[in-house]
Amino acid sequence: MIAVHPILASGAVVGVLIVLGIIVVVGIGLAMSYNRFVSQRNLIRNAFANIDTELRRRYDLIPNLVETVKGYAAHEREVFEEVARTRSAAAATSGGSPAQQAAAEGPFVAALGRLFAVAENYPELKANQNFLALQGELTNTEDRIQAARRFYNANVQGYNRRVQAFPSAFVARQFGFKEEEFFEIPETERAAVGQVPRVDFGVGGGDVTAAPAGPAGSPPPPPPPPPPPDGGTAGPSA
C-alpha cells in the first residue's frame, strides 16, 4: 500500500474545502438573485394591479359625467359618442398587457379632454354641483393613476436593468425572467392630448384672456386736446 505524505493530504483537503466554499458562495448568490427577481416581479404585478383599479374607477365616473354635460350641451353628440367609444375600447383591454392598455388609454384621454373643452363653453354647467363633484373626483383619480404609473414604471426600470446586466442576466436567462413592459401613452397620442386646451372648472366662470399689454414702463398715452370754445377761434384784433 502506497503511503501519502501528510502535507500532500492536508493540501488536498484544503483544496477541496476551497472548491466547496466557492460552490456554496456561488449557490447562495444565485439563490439571492433568484429571490430578488421573484420579489421584483411580484411588486411589478401588484403595482400594475393598482393602475388597473384606478383606471376602472375612472371608467365608472365617465357615464355620469357625460350625462351631466348632456343636460347642457345635448347637441354635442359627436363628442359624447367619441368618449363612449374610446371608453369602451379602453375598458375592454383591462386584464391585458400594460402596452395594450396604455395604447387604448391615449385616445380615451384625448376624447375626455375634448369633453372638458365643451363644458368650458357653458358657465351654468361649470357651476353645477353634480358636475363639480364629478370633476373633483375625476381629478383625484387622475392624480392616483399618475402616482401608480410612476411607481410601476420605476420598478419596471429597475427590474429590466437587472435582466440585462451581468451577472443577474445569467440568472434571468436560466429561470425565464424576461423584461416587463412600461405603461406609457404613445408619443402620437401624448401630442394629441397636449393640443387639448387646458381649462379651469373653478366656480366663478371661465378663464379670461387679457388684452396684450404694452412694453413695461411705457408712459400712458396723452389725454385728448380740449374742445375749442363756442364761436370758433378768435382772429387778430383790428
Those residues of region 71-97 which are loosely packed, with under 14 Cβ neighbours inside 10 Å, in a helix (DSSP H, G or I) and more than 23 Å from the chain's Cα centre (by Cα), in sequence order: 77, 78, 81
Output for region 149-163, where each listed residue is among the basic types (Lys, Arg) and open to solvent by 90 Å² or more (accessible area, probe 1.4 Å): 150, 161
Boolean, residue 146 is exposed (fewer than 14 other Cβ atoms within 10 Å of the Cβ), within 14 Å of the chain's Cα centre (by Cα) and within 30 Å of residue 38 (Cα to Cα): yes
From 99, 73, 119, 110, residue being under 30 Å from residue 156 (Cβ atoms) and touching a helix residue (DSSP H, G or I) at 6+ places or on another chain (Cβ under 7 Å): 110
Meets criteria (part of a helix (DSSP H, G or I), of a type in the set (Ser, Thr, Tyr) and over 19 Å from the mean Cα position of the chain (by Cα)) for residue 34: yes
Tally of residues being open to solvent by 100 Å² or more (accessible area, probe 1.4 Å), more than 26 Å from residue 102 (Cβ to Cβ) and either touching a residue at least 60 places away in the same chain (Cβ under 8 Å) or not in a helix (DSSP H, G or I) (or both) across region 164-184: 2
Test result for residue 109, assigned to a helix (DSSP H, G or I), open to solvent by 30 Å² or more (accessible area, probe 1.4 Å) and more than 30 Å from residue 175 (Cα to Cα): yes
Options 21, 29: the member that is part of a helix (DSSP H, G or I), at pLDDT below 90 and surrounded by 12 or more Cβ atoms within 10 Å (Cβ to Cβ): 29
Which numbered condition residue 133 fails, given (1) at pLDDT 90 or above; (2) open to solvent by less than 40 Å² (accessible area, probe 1.4 Å); (3) under 26 Å from residue 79 (Cα atoms): (2)
Residue that is of a type in the set (D, E, K, R) and under 17 Å from residue 50 (Cβ atoms), where the choices are 87, 114, 150, 162: 150
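The values are calculated or read from the model by the stated rules, or taken from the named source; none is laboratory data. These numbers come from a predicted model, not from an experiment. Heads up, the Cβs are rebuilt from the backbone with ideal geometry, glycines too, and the neighbour counts pull from every protein chain shown. Heads up: the accessible areas ignore ligands, DNA and RNA and are worked out on the full protein's heavy atoms, side chains in. Shrake-Rupley method; radii C 1.70, N 1.55, O 1.52, S 1.80 Å.
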